[in-house]
Amino acid sequence: MNFARTALLLAAMTGLFLAVGYLIGGQGGMIIALVVALAMNFFAYWNSDKLVLRMHGAREVDAAGAPRLFGIVQDLAKRGNLPMPRVYLMQTEQPNAFATGRNPENAAVAVTTGLLDRLNEQEIAGVLAHELAHVRNRDTLTMTITATLAGAIGMLAQFGMFFGGGRDSRDNPLGIIGVLAAAILAPLVAMMVQTAISRSREYEADRIGAAICGQPLWLASALAKIHNASLQIDNQRAEANPATAHMFIINPLHANAVNGLFRTHPSTEERIRRLQELAGQAKANDDSPSIANYRSARNRGPWG
C-alpha cells in the first residue's frame with residue numbers, strides 16, 4: 001500500500017512537471033520538463049532528506065551532546081522495534097517536529113529547541129513516538145519527496161513567468177495564458193496532492209505513536225501546546241519553505257488557521273478527541289503501559 005501510494009505520488013508530480021513544461025514551451029518544454037522530473041525523482045529519493053534538514057538549519061546531535069533527548073528517541077525506537085534514527089535539533093522558538101528519510105534504516109527525526117523548552121518529557125515522548133510512527137509506516141519517503149518536488153514545481157512555474165511570459169509561438173502554444181495558468185495552478189495542484197494523503201496519514205501516525213509510547217494523552221497534550229504556540233510564534237525557515245509544511249506534526253505556518261481544501265493537517269481538535277478516545281479504551285482494557293523513567297510535567301531540566 002505504501003509503495004503504491006508513493007508511486008502514485010511520483011506519477012502525479014511528474015505529470016505536473018510535464019503539464020507546466022507544455023504550458024510554458026509546448027512539446028519541447030514538455031520534453032525538457034520530463035528530463036528535469038526524472039532527475040528530480042532520482043535526486044529526491046536519495047537526497048531529499050538531507051535537503052529538507054538543511055532547509056531548516058537542523059544540526060545532528062548525539063548521546064554526548066543531548067543525552068536526554070537522544071535517550072528518549074533510543075527508548076522509543078526500541079519499543080517500536082525500529083532502527084535508531086539520527087536525531088536533529090532546529091533552532092527556532094516554535095515547538096514542532098518532523099521525521100524524514102527514505103526508509104527506517106536511513107531515518108532522521110528533527111525537533112525544535114522550542115519543543116524542548118515548552119513541553120515536558122512525557123509530551124516530548126508522545127511527539128517523538130508520532131514521528132517514529134511515520135518512520136514505521138514509511139510515510140517519511142512520501143512526505144520528503146512531496147516537499148522536494150512541490151518546491152521544484154513552484155520554481156519551474158516561476159521560471160516560466162520570467163522567461164516564457166512574452167512569447168506566443170509554436171514553442172509556447174497558449175502564450176501568456178498558458179504561462180499564467182502554469183504559474184498559478186501548478187503550485188495549487190501540487191498542494192492538493194500533498195493534502196490528499198495528509199489527513200489519514202496523520203491520524204494513523206497518532207494512533208501508532210500512542211501505541212509506541214503507551215500513553216495517548218501525552219501526545220494529545222503535546223498537540224494542544226504545539227497548536228497554540230504555532231499560531232503565535234513564527235517559524236521563519238518554514239515560512240520560507242512552505243512546501244515542507246506538511247512534514248511537521250502541526251502546520252508551522254500561520255495559514256493553518258484557514259479551513260478548507262488546502263489544509264495540510266487534520267483538525268487538531270479532532271486529533272485530540274481521537275487520542276482521548278484511545279486513552280479511554282486503553283483504560284477500560286487496562287493495557288496502557290507507560291515509560292517509567294520519564295519525569296513528571298513539572299520536573300524539567302537542561303537538554304544538553
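Annotations for the structure displayed:
- Interchain or long-range residues, amide H under 5 Å from Val61's placed H: Val87, Tyr88, Leu89
- Cα→Cβ-extended label distance, 7 Å offset, between Glu93 and Arg59, nm: 2.0
- Gyration tensor (alpha-carbon) shape descriptor, the stretch 37-81, a/c threshold 1.5: oblate
- Gain in span if fully extended, Val35 to Asn47, counting 0.36 nm per residue against the direct Cα distance: 2.5 nm
- Taking a ≥ b ≥ c as the square roots of the Cα gyration tensor eigenvalues, the stretch 88-134 comes out oblate, since a/c reaches at least 1.5 and a/b does not exceed b/c.
All of the numbers you see were taken from the coordinates with simple rules; none came from a lab. Given the structure is predicted, the values throughout are model-derived calculations rather than measurements. Heads up, the Cβs are rebuilt from the backbone with ideal geometry, glycines too, and the neighbour counts pull from every protein chain shown.
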